[in-house]
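The block underneath contains the structure these notes are about, expressed in structure tokens.
Throughout, read-outs are computed from the coordinates displayed, never taken from laboratory work. Quick caveat: nothing in here was measured; it's all calculated off a predicted structure. Glycine also receives a Cβ, built like all others from the backbone with ideal geometry; neighbour counts cover every protein chain displayed.
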Amino acid sequence: MRRRDFLSVAGGAMVAALGGCARPALGCLAAARSEGDARPVRFGVTADAHLLARRTPRHEAFLEAFVEDMVRWKPDFVVDLGDFACQAGEGPTTAERHDAQLDGLKHHWKTLSRVPCPAYLVMGNHDVGWIVGGDEVIAPEDLYGRPHAGEDITKKEHLRVTKLPGRYYSFDVRGCHFIVLDADNARDQRAPKPGRDGVAGAYYIDPAQKAWLAQDLARHRDKLKLVFSHQELHHTPVKGSGEGGDVPFEPVGKEGSYVDNGWEIRKLLAADGRVAACLAGHKHRNRWTVYGGVQYLTLAATHWEGSYAKVTVGNPLRIEGHGRQRSYAIRLPESSNPR
């Protein structure tokens, strides 16, 4: 097995190969860039596939088309930005709904894992159920018949199926550093209301994760970085805000459907000086804005006419849109140039 990628998780530990690679000869770890390897990093990205157990054949066809394109394109990795294998139905969690969502995740993860490269997932609010969030330890029965955020399987079950290293983690590909965040956590009730961005957000980056992020950024200070989050790290009104991008925005979703303490995370990313972009989903429509010199791009939902993107990391950062996803060639500040 060729070693192709190393993952960094909380505490900086190295973890074993990701599960689900279709061809073991390709390996599930990507090799760090050799001295003479100047190829740009390329990855495919989907968001909000909304695969509801096995009841959405049209959505499944969109995922199949993405996988087939990745087999031809041969990226370094693919990532889904969350709301991938969603709940089986509306209503309180029951044993039946739990089992259906878990079965759907196994089925759809097997499909995505046919790509000839590592596959990564971000946990979305429709992917997992949680009571407090963070590192809480709960069993499926704890979700049955009670109000809770998210859907019908636990974060631990999600990780057991996908074999991803954690609810948040990071990995390197040829000198570039990629960070995956988990915002499916309860808002800190001690935080001021409304939130710092003017509206109380429904999601939160918990203290342990925030501390890990600061350490991870520091450990990889000299590397170009991209961040993946399901929910946006900013509340952006329709009229727009920030330092540029697409304005005005299409009004989509609930106003508070963003990461409440995203401003703290944006501050960390801006201070790093080497974070090129943060990619999110959740809103289902194209949105682009800039904060602290960092590009914040929200991708169109894959269940919206098979939308996805092919991303080439360079200057400019190139996003080739498919379906309803827009294409961008975004000029990065010189401090963010790949080295």
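Here are the numbers:
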read-out	value
Under-5 Å amide H pairs with Arg287, H placed in peptide plane, nonlocal only	Thr298
Relative exposure of Asp83, Asp152, judged by other C-beta atoms within 10 Å (fewest first)	Asp83, Asp152
Residue-wise HN-Hα coupling along segment 241-248, computed from phi with Karplus coefficients 6.51, -1.76, 1.60 (Hz; x: Gly, Pro)	7, x, 10, x, x, 7, 9, x
Projected label distance in nm at Lys254 and Arg72, using a 7 Å step from Cα toward the beta-carbon	4.0
Förster radius 35 Å - calculated FRET efficiency between Ala270 and Arg39 (Cβ-Cβ, nearest 0.05)	0.75
Structure-derived Cα Rg over 2.2 N^0.38 Å - corresponding label in [x] 1.26; [y] 0.92; [z] 1.03	[y]
The chain: DSSP helices with Cα axial extent of at least 20 Å and average Kyte-Doolittle hydropathy no lower than 1.6	none
Value of [θ]222 nm, deg cm²/dmol, for the chain, DSSP H segments ≥ 4, -39500 (n - 2.57) each, nearest 500	-6500 deg cm²/dmol
In order through segment 77-93: 3J(HN,Hα) via Karplus (6.51 cos²θ - 1.76 cosθ + 1.60), integer Hz, x for Gly, Pro	6, 10, 9, 9, 8, x, 6, 8, 9, 8, 5, 7, x, 7, x, x, 5
Exposure proxy order (Cβ contacts within 10 Å, fewest to most) of Met70, Met123	Met70, Met123
For the chain, share of DSSP beta bridges that run antiparallel, in % to the nearest 5	55
Under-5 Å amide H pairs with Val173, H placed in peptide plane, nonlocal only	Phe178
Spin-label model distance (nm) - Thr312 vs Lys156, 7 Å beyond Cα toward Cβ	4.5
Per-residue Cβ neighbour rank within 10 angstrom, fewest leading, Asp260, Asp127	Asp127, Asp260
Relative contact order [Cα under 8 Å, 6+ residues apart], the chain, whole percent	18
Cα centroid separation, segment 113-184 to segment 205-270 (Å)	18
Subset of Lys163/Lys310; Lys163/Lys210; Lys163/Lys193; Lys163/Lys239; Lys239/Lys310; Lys74/Lys267 violating a 32 Å alpha-carbon distance limit	Lys163/Lys193; Lys163/Lys239; Lys74/Lys267
Contour minus Cα-Cα distance for Arg219 and Ala65 (0.36 nm per residue)	51.7 nm
Length released on extending from Ile138 to Arg331, taking residue separation times 0.36 nm less the Cα-Cα span	65.0 nm
Long-range amide H partners of Val227 with built H, under 5 Å	Ile179, Ala277, Cys278, Leu279
